[in-house]
1. Sort all Cα-Cα distances of the stretch 112-312 into consecutive 5 angstrom bins from zero, then give the percent of pairs in each bin up to the one containing the longest distance.
2. If I stretch the segment between S186 and V79 completely, what's the gain in nm (0.36 nm per residue apart, minus their alpha carbon distance), one decimal?
3. May I ask you to give the solvent-accessible area per residue for the stretch 131-250, in square angstrom, as obtained with a 1.4 angstrom probe?
4. Please provide three numbers in whole Å: the alpha-carbon extents of the stretch 187-265 along the principal axes, with the largest listed first.
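The values are calculated or read from the model by the stated rules, or taken from the named source; none is laboratory data. Predicted model, so just to flag it, every value in this text is computed and none were measured. Just so you know, the surface numbers come from the protein's heavy atoms only, side chains and all, with ligands and any DNA or RNA stripped out. Shrake-Rupley method; radii C 1.70, N 1.55, O 1.52, S 1.80 Å.
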Amino acid sequence: MTAPRAPRPPRPSGPPRPSDPRRPPWHVGDALALRYAQGAAPETDAWSLEKHVESCAPCATRVSAAVRAGAAGPVLAEVRSALLTSLGHRTASAPAAPADRATAPRSPLGRGARLWWTVGPALRGSWVVAVLLVVGGAFGLAYGAGVQGARSLLLAVSPALPLAGVAVSYGRHADPLYEITAATPSGGLRLLLTRTAAVLAVCVPLLTAGGALLPPVAGFPGAAAWLLPGLALTLATLALGSFVGCRPAAATLGGGWLLAVTGPLLGRSEAGGSPGAAALTAYFSGPAAQGGWAAAALACAALLALRRRSFDHLEPR
């Protein structure tokens, strides 16, 4: 006669541990969605749910339906309507909660819409227009007015242009949904780095290609010489922004850089040619200058990593 088997321990109701590769993919069940909507889910389960629904549309639909069907549904509808109205959108009456996920509406743009929502503030507004105007102005000076130093002028101001993009893409003064996004698991430094990458993705090809198409300046570095200075100043803005906010940091460093190059821009070379080409060369050209910018970029990146938790808090007013 064999001894009776010991009873199995009860299975946990919360999400599985992500470190166990043998477990099947986890999704939000109706019971967990209901507890989350009622505010009764444990904190660890709530955070796991919020992180999961960022990349799982069916679970996001299920949780959204549970929340709208609960006591918070009418309040959320009013908040949504007021928020969209303040942003200039006309809203219709809120639809009734779907009976199941098969009939729930989904965004027709999918991942593209979420990506645009993430990087949108970095690519909207007057900043992109300003970058295009700077490049167009350099071409007008070179080919319309015959200014020989148009490339040096564009190269001198290029490192400061990404700072303006960072200033208008993140923070309470730039993003009308800043308080909401900063409270999400994907907010903070992660969102800031995503929008900064979008800013650089616009600046790098436009400014580099524009400089390459302008007439060359004798003895002046190539069109890509601004990349390391621009990267160092951008990382310095993010690091300083962890103390004072992105907009004051961008204004301080961008203004300081423009003041530093104003003298060479207003001066003239010994041959009487391009404005400040000889003086500006020391900022960009040579192993010492480029090595210094690379070291500064690494130092700012290390400081930013140490200060990463500061972006989890709202910026000071």
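1. 1, 8, 15, 19, 19, 14, 10, 7, 4, 2, 0, 0
2. Values: separation 107, 0.36 × 107 = 38.52 nm, distance 2.16 nm.
Net length gain for the segment: 36.4 nm.
3. On the way: 4330 Å² over 120 residues.
Here the residues of the stretch 131-250 average 36 Å² of exposed surface.
4. Each principal axis gives a Cα extent; for the stretch 187-265 these are 45, 27, 14 Å.
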